[in-house]
Amino acid sequence: MLYTFVATYVVWKTLTKYGAHWFIYFIIDLPTSWFYGIATSRLVVAVVKRRLHEVNKWGWLAAINFALPQFYILYYAHNASRQTLLIFALIIGGLAITSAYTLWLQIKKSRKSQ
């Protein structure tokens, strides 16, 4: 939830001048962050229990809920400079790598405890 508020503040301060509206971003990011949290926790359980069908389902749901707010930004902030979009892409890439690493650590920890 804290990430949602920080991200909304960043959108408000940096991307509203390019066409992205901070309140719409907030309305999209708030529920998707909740669904992202649920999907990643279910994904960890599915991987640990080796339920491949569920891994696919929860993996896709986690990915979609992670990406949806970012797609909104890319669509509505298309008037931003190339440098601004590059910085945004690097931030999103860093968040994706951090999320994947955290997920991997959770899976590793869950497998050890079994």
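The values are calculated or read from the model by the stated rules, or taken from the named source; none is laboratory data. Because the structure is predicted, anything quoted here is derived from the model rather than measured. Cβ coordinates were reconstructed from backbone atoms using ideal geometry, including for glycine residues, and neighbour counts include every protein chain displayed.
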Of the residues in region 63-95, those that are touching a Gly at 6+ places or on another chain (Cβ under 9 Å) and surrounded by 14 or more Cβ atoms within 10 Å (Cβ to Cβ) come to Asn65, Tyr76, Ala77, Ala80
Across (1) loosely packed, with under 15 Cβ neighbours inside 10 Å; (2) touching a Ser or Thr at 6+ places or on another chain (Cβ under 8 Å), Val45 clears everything bar (1)
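Say whether the condition of being closer than 30 Å to Lys109 by Cα, surrounded by 15 or more Cβ atoms within 10 Å (Cβ to Cβ), modelled with pLDDT of 90 or more and of a type in the set (A, V, I, L, M) is met by at least one residue in region 2-17. Break it down into steps so the answer makes sense when it comes.
As a first pass, look at region 2-17 and keep what is closer than 30 Å to Lys109 by Cα: 2-7.
With surrounded by 15 or more Cβ atoms within 10 Å (Cβ to Cβ) added as a condition, the list becomes 4, 7.
When the remaining residues are screened for being modelled with pLDDT of 90 or more, the result is none.
No.
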Would you call Thr98 in a helix (DSSP H, G or I), surrounded by 14 or more Cβ atoms within 10 Å (Cβ to Cβ) and hydroxyl-bearing (Ser, Thr, Tyr)? no
Within region 75-95, the count of residues that are of a type in the set (A, V, I, L, M) and either over 21 Å from Ala20 (Cα atoms) or in a loop (DSSP other than H, G, I, E, B) (or both) comes to 2
Being at pLDDT 90 or above and surrounded by fewer than 19 Cβ atoms within 10 Å (Cβ to Cβ) narrows Trp58, Trp34 down to just Trp34
